Amino acid sequence: MERYLHIEQAGMIFETRQGAFTALRDINLEIQKGEFVTLIGHSGCGKSTLLNLIAGLTLPTSGYLFLSERQIGGPGPDRGVVFQNHSLLPWLTCFENIHLAVERVFAEKESKAQLRERTQKALEMVGLTQAAEKRPHEISGGMKQRVGIARALAMEPKVLLLDEPFGALDALTRAKLQDELMRIVAATGSTVVMVTHDVDEAVLLADRVVMMTNGPAATIGEILSIDLPRPRERLAMASEPRYLAARKAVLEFLYQKQLKAA
Amino acid sequence: MMTAPITATPEPAATPAAERSATPAVVPHPAAPTRNAAAEQAAANQRIAMRRRTEIAARIAAPLLGILVFLTAWYAISTMGSIPGPAKTWEAAKVVFGDPTYKNGPNDQGIAWKVLGSLERVGIGFGLAALVGIPLGFVIGRFLFLRNMAEPVISLLRPVSPLAWLPIGLLVFKGAAPAAIWTIFISSIWPMVINTAVGVQRVPQDYLNVARVLNLSEWKVFSKILFPAVLPYMLTGVRLSIGVAWLVIVAAEMLTGGVGLGFWVWDEWNNLKVENIIIAIFVIGIIGLALEYTLLMIAKRWQYD
C-alpha cells in the first residue's frame with residue numbers, strides 16, 4: 001500500500017537564549033489518504049509545532065516527514081493551511097484572497113475564466129457567495145474562518161492542515177463550523193490534520209485522535225480510533241455510547257495521565 | 001457544547017429526590033406583560049434627540065469660543081504697543097488678498113505667487129526625498145545587515161538642525177534655489193525612511209506565513225503583501241515629512257530669498273510692515289493644516305481595519 005503522509009522519528013529542538021529546548025521527540029505517525037486526524041494535548045505540548053513541521057514552515061531537527069513518498073522540505077501549495085487567526089489579507093476582498101491562492105496553483109494550466117470559476121466554487125462551497133466582494137473586516141469571525149478554509153481547499157491540497165481554526169470562535173459558531181467542515185470534508189474526500197484543544201471537537205470530527213504528552217520533549221502518547229459512522233449527527237452523538245466512551249478516554253488521557261499543573 | 005443545559009430556576013427544595021429525573025428541569029419563561037411600550041419608546045427617542053442636540057451645540061461652541069479667546073488675547077497684546085491688532089491686520093489682509101496675482105518684477109509678486117513658490121520648493125524637495133527615502137526604507141527594513149549599517153549614520157544625521165545643511169547645499173549646488181530644495185530634501189527624508197523601515201519590520205508574521213504556504217513569487221509577495229502592509233506606516237512617514245518640509249521652507253527662504261512666504265516674512269520685517277508678517281503666519285499655518293489634513297484623508301483611505 002502506498003504511504004500517504006508519514007512521519008518518521010521526527011524531533012524538534014529549538015535554540016533559545018536559555019539553551020536548547022526540545023519541543024518534540026520520536027514522533028512516528030502514518031496518515032492515510034482521506035483520513036481525518038485530530039491532534040490534541042495540553043497547551044505547550046507541541047501540537048502546533050508538529051503541524052508546522054507537516055506544513056514545512058519549520059523543518060525538523062531530526063527525523064523525516066514524507067507526503068506521497070516525497071520528503072517535506074518546505075512549505076508548498078500541496079498542503080493547505082488554515083491558521084487560528086484566519087490570516088486573510090485585509091486589503092483584499094474575500095474573492096481576491098482566495099483567488100491569490102488559486103492563481104498560484106492553477107494559473108499555468110488554466111484560463112482566467114477557469115480560475116475565476118474555481119474561486120467562485122470555493123466561495124460557494126463555504127456558503128459565502130454573497131460576501132465575495134467584502135473585505136475581511138466587514139465579515140464575522142466565523143465567516144473569516146470559512147474564507148480561510150475555502151482558500152486552503154481551493155488549492156486542492158493533498159492535505160488540509162488546520163491549526164485550532166475555531167479556537168477564537170464562540171461555542172455556537174464553532175459547532176456550526178464543525179458541522180460544515182464535516183460536510184465539506186465528506187464532499188471533497190480531503191485528508192485533514194487538525195490541531196485542537198477541545199475534546200468534543202477532537203472526537204466528533206476525527207477518524208483518529210492523536211493524543212500528545214506534555215512538553216517539553218513531547219511525543220505521541222496514545223492514538224484513539226473513532227469508529228463512528230458518518231455523517232455524524234451532533235445531537236445523536238450526545239447519547240451515543242461509543243462516542244461517550246471515546247470522549248471519556250480522551251478526557252482520562254488529558255486529566256489523569258497527563259494532568260498538568262496549571 | 002456537550003455540557004448539560006443550565007436549569008432556568010433552582011428546583012424547589014420540597015421536591016422528593018425520587019421525582020428528580022436525569023433530564024434537567026426546563027421552565028418556560030413567559031414574556032413580561034407589555035406596558036405602554038410605544039410611549040416609552042417615544043420618550044426615550046426624545047431624550048436621545050435632546051442629548052444629541054446639546055452635544056452638537058457644545059462641539060460647535062467650543063472651537064468658536066477658543067478662537068474668541070485667542071482674538072481677545074491678541075487684541076489685548078496689541079493695545080500694549082508694537083504688535084498690530086486684529087482690525088489693523090484685517091485691513092492689511094484685504095489689500096494683500098485684493099490683488100493676489102500681481103507681478104512687479106522678480107521679487108515683488110502677489111500672495112498667490114508667493115504661496116505657489118513655497119509649495120513648489122517643498123514639492124520638489126519632498127518629492128525627491130520620497131523618491132529616495134521610501135525605497136531606502138524598504139531595503140533597510142528588509143535586510144538586517146543593511147539596517148545595522150544604516151542605523152548609526154541615520155541616528156547621527158537625523159537630529160541635525162535643517163539650516164545646518166544650507167551652507168553645504170550652497171557650496172555644492174552654487175545657487176540659492178537648489179540649496180533651499182536640498183535643505184528640504186535632507187531634513188524631510190528621515191521620517192519616511194524610518195517609518196517605512198519600521199512598517200516593513202512590523203508586517204505580521206501571519207501574512208508572511210501565508211506567502212510561504214502559498215509559495216508566492218517575490219513580486220507577488222511585494223505587491224500583494226509587503227507593500228499594502230507597509231502603506232499605512234509609509235503614509236504616516238509622508239505626513240510627518242511634509243510637516244517638516246513646510247516648517248523648514250520658511251526658514252530656508254528667509255536665508256535664500258526668492259518669491260515665497262519665508263522671504264516675504266523677512267522682507268516685511270525689513271519694511272517694518274508687521275501686519276503682513278502676521279498675515280504670513282496665518283497663511284503658513286492654514287496651508288500647513290491643509291497639507292496635514294489632506295494626507296490624513298489619504299491615509300484614511302488606506303486603513304483596512
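Every number here is computed from the coordinates shown, using simple stated rules; none is lab data. From a predicted model like this one, the values you see are computed outputs, not experimental measurements. Every residue, glycine among them, receives a Cβ derived from its backbone with ideal geometry; neighbour counts consider all protein chains shown.
Side notes on the structure shown:
- In terms of surrounding Cβ atoms within a 10 Å radius of their Cβ, B:H29, A:H197 rank from fewest to most as B:H29, A:H197.
- Per residue, the convex hull spanned by the Cα atoms of the range A:86-156 measures out at 73 cubic angstrom.
- Considering only the protein assembly as shown, percent of DSSP beta bridges that pair antiparallel, nearest 5: 55 percent
- Ascending count of other beta-carbon atoms within 10 Å, so fewest first, for B:W302, B:W165: B:W302, B:W165
- Other protein chain C-beta atoms within 10 Å of residue C-beta, averaged over B:212-221: 6.
- Cα pair distances of the range B:189-305 binned at 5 Å [whole percent]: 2, 11, 15, 15, 13, 10, 9, 7, 6, 5, 4, 2, 1, 0
- Alpha-carbon centroids, the range A:64-107 and the range B:113-132: separation in whole Å: 45 Å
- Relative to its Kirkwood radius, the Cα radius of gyration of the range A:1-67 gives an Rg/Rh of 0.99.
- 10 Å Cβ neighbours from other chains, averaged over peptide A:68-78: 2
- Euclidean distance between Cα centres, the range B:57-82 to the range A:198-249, Å: 73 Å
- Residue exposure sequence - A:L128, B:L144 - by fewest surrounding Cβ within 10 Å: B:L144, A:L128
- For A:148-154, mean number of other protein chain Cβ atoms within 10 Å: 1
- The label-point distance for A:R116 and B:I67, in a model that sets each label 7 Å from Cα toward Cβ, rounds to 5.2 nm.
- Cα-based Rg of the protein assembly as shown normalised by 2.2 N^0.38 Å, two decimals: 1.39
- Spherically averaged projected area of the range A:182-229 from its Cα convex hull (nm²): 3.8 nm²
- Separation in nanometres of the label points that stand 7 Å from Cα toward Cβ, at B:L131 and B:N148: 3.3 nm
- Rg and Dmax, both from the Cα atoms of chain B and both in Å, are 31.7, 109.
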